[in-house]
Amino acid sequence: MPAIAKPVRKPIAKKPAPKTTTKTPHRAQCADLAPDRIAAILQGLDEAYPNVKCALNHNSPWELLVATILSAQCTDVRVNMVTPDLFKRFPTPEAMAKATLAELESPIKTTGFFHNKAKSIQGAARKIVAEFGGQVPQTLAELITIPGAARKTANVVLGVSFKKAEGVVVDTHVFRIARRLGLVKGDTPQKVEQELMRVIPQDRWIDFSHQIIHHGRQVCDARKPKCDRCNLEQLCRSKDKTWQS
Ligand code: SF4
């Protein structure tokens, strides 16, 4: 009688242990980004700053583009002091494209970094004349090819002059306050803009930036925020708070 072959036992494949991930959002972060909390912040901004508008004086997209380039590392008040004379001397991109750097530097000296700013506005004028028929282009992709105009400047011009929301303006105020309010965690303006584009409804992108910029100037100061006067205080859990209700 032939021996009965013993059944071959296959090893039982072990189930892989469940992976732990650090990508799971922290409970506090989920709470910070809850739709009703975002809506409450937007409502608070609407109540505090109902008629926001760009603080840079301008009469055309071209003037706004130049003023925004000049506003780097400078206050809007200071820019508004120099632009009337600048645009009187060089009213169009064509006129500015023909100006020498020395001619452009003179009226913008008090805005700081005037050598670089003169190069930027001269370069912007020449590019707009040569490649865009003397008109400020209306897309982000085109605007960011203009000397001196990175995403922030492009978003300002698109939002204010053309009512187009292709991105969110992230200046020093938006960067600081979006983080204080727990809306973002990014540590660069680029990351903060991408996060804001995810959490703020697109139809609020333009007003949101202007409102936050006003809030930064009037209430949420970088060094000493006036939290006792802030209508967002109950929604804010920033460690920078100077007052708690
Ligand atoms: S409570 Fe204070 S820190 Fe928070 S947004 Fe208001 S002013 Fe800024």
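Dividing the mean sequence gap of close Cα pairs (under 8 Å, 6+ apart) by how many residues the chain holds gives a relative contact order of 17 percent. Around Gln211, what is the net charge, scoring Lys/Arg as +1 and Asp/Glu as -1 over all other residues with Cβ under 12 Å from its Cβ? Around Gln211, the charge tally is 0. Ignoring the sites themselves, the chain has its longest run without trypsin sites (Lys or Arg not before Pro) in a DSSP loop having at most 10 other Cβ atoms within 10 Å at 54-162.
Only sites in a loop by DSSP and with at most 11 other Cβ atoms within 10 Å count here; which chymotrypsin sites (Phe, Trp or Tyr not before Pro) in segment 157-245 make the cut? Answer in residue order: Trp243. Kindly give Rg over Rh for the chain, based on alpha-carbon atoms, with the Kirkwood expression for the hydrodynamic radius. Dividing the radius of gyration by the Kirkwood radius yields 1.25.
Alpha carbon centre of segment 34-108 versus segment 133-175: separation in Å? Taking the Cα centre of each part, segment 34-108 and segment 133-175 sit 11 Å apart.
Under the simplified labelling scheme, the Gln218-Gln244 pair shows an inter-label distance of 2.7 nm, with each label point 7 Å from Cα along Cα→Cβ.
Among the listed pairs Lys117/Lys224; Lys109/Lys191; Lys88/Lys226; Lys117/Lys164, which have their C-alpha atoms separated by more than 28 angstrom in this model? Violating the 28 Å limit, Cα to Cα: Lys117/Lys224; Lys109/Lys191; Lys88/Lys226.
Ordered from longest to shortest, the equivalent ellipsoid semi-axes for segment 84-176 are 23, 17, 11 Å, each the square root of 5 times a Cα gyration tensor eigenvalue. Taking only protein heavy atoms and a 1.4 Å probe, the accessible area of the chain is 55% carbon and sulfur.
A straight chain from Glu105 to Arg37 at 0.36 nm per residue would run longer than the Cα-Cα distance by 19.8 nm. In the context of the full set of protein chains, residues of the chain present 60 Å² of accessible surface per residue (probe radius 1.4 Å, heavy atoms only).
The values are calculated or read from the model by the stated rules, or taken from the named source; none is laboratory data. These numbers were taken from a predicted model, which means no experiment stands behind them. Backbone-built Cβ (ideal geometry, glycine too); neighbour counts: all protein chains shown. Protein only, heavy atoms only, side chains kept; ligands, DNA and RNA dropped before computing areas. Shrake-Rupley method; radii C 1.70, N 1.55, O 1.52, S 1.80 Å.
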